[in-house]
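Down below is the structure, laid out as structure tokens.
The values are calculated or read from the model by the stated rules, or taken from the named source; none is laboratory data. As the structure is a computational prediction, the values presented were derived from the model and not from experiment. Methodologically, a virtual Cβ is constructed for each residue, glycine included, from the backbone with ideal geometry; neighbour enumeration extends over all protein chains shown. All accessible areas refer to the heavy atoms of the entire protein, side chains included, with ligands and DNA or RNA removed. Shrake-Rupley method; radii C 1.70, N 1.55, O 1.52, S 1.80 Å.
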Amino acid sequence: MSQRLDREYEQLRVSGLHAFYGESHILHGIDLVVNRGELVTLLGRNGAGRSTTLKAIMNMVGRRTGSIMINGEETMSCAPHHIARLGVGYCPEHRGIFSALSVQENLTLPPVVRSGGMGLEEIYTMFPNLYERRFSQGTKLSGGEQQMLAMARILRTGANMLLLDEITEGLAPVIVEKLGEVLIKLKDKGLTIVLVEQNFHFAAPLADRHYVVEHGQIVEEIGADELSAKQSVLDRYLGV
């Protein structure tokens, strides 16, 4: 009975995941679980395999083996657009906004793939900067505004599990603080978030759990209440 209930709370289960780019073997048996409403981080140094893990969940790598269960459904044979319809929204490190389109056009162009997506009014309340720049082209936005737009666009689609890749990289501290506030609001709304993040001090107060990735493997799982006790692990793998 307990195991069945655990599975009902799981939104994502990755088991024995290997991923390849051509002949390069990047992931070496990733195992992780993310429950509904959790914010979980993938921590590690550059090149550890964190971003590849997100891409592999979306079936955006060359070859994969293992198992990826989303909402209890095996997705290893699913195309990326089918995975999106399961409620998964992917925000890549390069953001991928349409630079020639306005903010509002960027928000309204992507299709809504499932019910429950945020309306424009709710988006603009969460991201007031985007409301002020709603008629500005993507090329005229700051890096922080581009990142907000990339996240907002996903929220419009109806995604309830967000895969966010290095959303604070290169951004001013005031913008980083704003993004942290947004993640807290999204978590309060019940969304599930998997966050790849280099900035441990940004991620630490937000997350329920942390997975430490090294050489394409999970080497440690750390709960929010274990951070002090696991400081030696953080020093070894993250240098924090």
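Nearest-5 percent of antiparallel DSSP beta bridges in the chain? Before the final figure, lay out each step's value.
Numbers: 25 of 42 bridges.
Just about 60 percent of them are antiparallel.
Once neighbouring chains are kept in place and the probe is 1.4 Å, which whole percent of the accessible area of the chain is contributed by carbon and sulfur? C and S fraction of accessible area: 50 percent. Each residue was assigned an accessible area with a 1.4 Å probe, and for Tyr131 the value is about 110 Å². Working from Cα pairs under 8 Å separated by at least six residues, relative contact order for region 1-103 is 28 percent. In the context of the full set of protein chains, residues of the chain present 46 Å² of accessible surface per residue (probe radius 1.4 Å, heavy atoms only). With both labels modelled 7 Å from their Cα along Cα-to-Cβ, the Ser136 to Ile184 distance reads 2.5 nm. Taking only the Cα atoms of region 103-240, the ratio Rg/Rh comes out at 1.01, with Rh defined as the Kirkwood radius.
Approximating the spin labels as points 7 Å out from Cα along Cα→Cβ, the Val174-to-Arg63 distance works out to 5.0 nm. Rounded to whole numbers, the Karplus 3J(HN,Hα) couplings from phi for region 64-73 are 9, 9, x, 9, 10, 9, 10, 6, x, 10 Hz, using 6.51 cos²θ - 1.76 cosθ + 1.60 with θ = phi - 60°, and x at Gly and Pro. A Förster distance of 25 Å, applied to the separation of the beta-carbon atoms of Lys230 and Asp208, puts the FRET efficiency at 0.95. When the helices of the chain are scored as -39500 (n - 2.57) per DSSP H run of n ≥ 4 and the total is divided over every residue, the value at 222 nm lands at -9500 deg cm²/dmol. The modelled label-to-label distance for the pair Ser15/Leu120, using points 7 Å beyond Cα in the direction of Cβ, is 4.5 nm. Working note: Karplus 6.51/-1.76/1.60 with θ = phi - 60° gives region 137-150 the couplings 5, x, 5, 8, 8, 6, x, x, 5, 4, 5, 4, 5, 4 Hz, where Gly and Pro are set to x.
The H on the amide N of Glu214, modeled in the peptide plane, is under 5 Å from the matching H of Val219, each at least 5 residues off or on a different chain.
A Cβ-based charge dipole, computed about the Cα centre of the chain with Lys and Arg at +1 and Asp and Glu at -1, lands at about 600 debye.
By the Stokes-Einstein formula, at 1.002 mPa s and 20 °C, the chain with its Kirkwood radius over alpha-carbon pairs has D equal to 117 µm²/s.
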